[in-house]
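Remarks on the structure that follows.
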Amino acid sequence: MLKNNKGITLIALVITIIVLLILAGVSIAMLTGDNGILTQSTTARDDTKKASVADKVNMAIQAVYAQAVIDNDGTTPASRISDTAIIAQYVLDNGSNTATESGTTSDGIITVTEGGQKYTVTLQQAGTLSYTADVDHIEEDNT
C-alpha cells in the first residue's frame with residue numbers, strides 16, 4: 001500500500017528561502033549604493049532645487065534688464081547691470097533676506113538662501129548686458 005505524503009520537503013523549503021534571500025539582496029542593492037534609487041532621487045532633488053534657484057535669478061536678471069531699457073527710453077542701456085540691482089529684484093520677487101552679495105561688488109557672485117540652504121550663484125555674462133545664472137554650490141544654512 002502506498003503512503004500518501006502531504007506537505008513539502010526540507011530541500012524545497014531551503015531552496016525557497018535561498019531564492020527569497022537572493023531577491024532581497026538584489027532589492028537592497030537596487031535601493032542603496034552609489035547608483036541606487038535613493039541616491040538618484042537625492043541627486044535629482046538637489047538638481048531641481050539648483051534649477052529653481054537659477055530660474056528665479058534669471059527672472060530677476062530679465063526684470064532688471066527690462067527696467068534698464070525702460071529707463072533709457074527703449075534703448076539698450078550702456079552700463080553693466082549691477083549685482084546689487086539683481087539682488088534687489090530677487091529679494092523683491094522672493095521675499096526679504098533671501099539674497100546677498102558675496103565678495104566684491106560686481107564680481108558676479110551672489111548668495112541665495114532658499115528652503116534653509118545657501119546657494120552660491122555665479123552670474124555669467126552671455127552678451128553685452130545679458131547674463132545667465134549658474135548655481136555652483138549648495139550648503140546647509142545653519143543660521
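The values are calculated or read from the model by the stated rules, or taken from the named source; none is laboratory data. Because the structure is predicted, anything quoted here is derived from the model rather than measured. Heads up, the Cβs are rebuilt from the backbone with ideal geometry, glycines too, and the neighbour counts pull from every protein chain shown.
Which members of region 1-26 meet the condition of being among the hydroxyl-bearing types (Ser, Thr, Tyr) and surrounded by 10 or more Cβ atoms within 10 Å (Cβ to Cβ)?
If we filter region 1-26 for residues that are among the hydroxyl-bearing types (Ser, Thr, Tyr), which is where we start, we get 9, 16.
16 - this is the single residue of region 1-26 that is among the hydroxyl-bearing types (Ser, Thr, Tyr) and surrounded by 10 or more Cβ atoms within 10 Å (Cβ to Cβ).
Within region 90-101, at least one residue is at pLDDT below 85, touching a Lys or Arg at 6+ places or on another chain (Cβ under 9 Å), assigned to a helix (DSSP H, G or I) and not aromatic (Phe, Trp, Tyr). In this structure, residue 47 does not satisfy being out of contact with any Phe, Trp or Tyr (no Cβ under 6 Å at 6 or more places or on another chain), of a type outside the set (S, T, N, Q), modelled with pLDDT under 85 and on the phi < 0 side of the Ramachandran plot. Between 60, 66, the distinction of being at pLDDT 85 or above, in a helix (DSSP H, G or I) and exposed (fewer than 12 other Cβ atoms within 10 Å of the Cβ) belongs to 66 only.
Return a yes/no flag: does region 68-75 have any residue that is farther than 16 Å from residue 119 by Cα and among the polar types (S, T, N, Q). So far as region 68-75 goes, yes, one or more of its residues are farther than 16 Å from residue 119 by Cα and among the polar types (S, T, N, Q). The sole residue among 33, 25, 74, 7 that is within 30 Å of residue 124 (Cβ to Cβ) and small (Gly, Ala, Ser) is 74.
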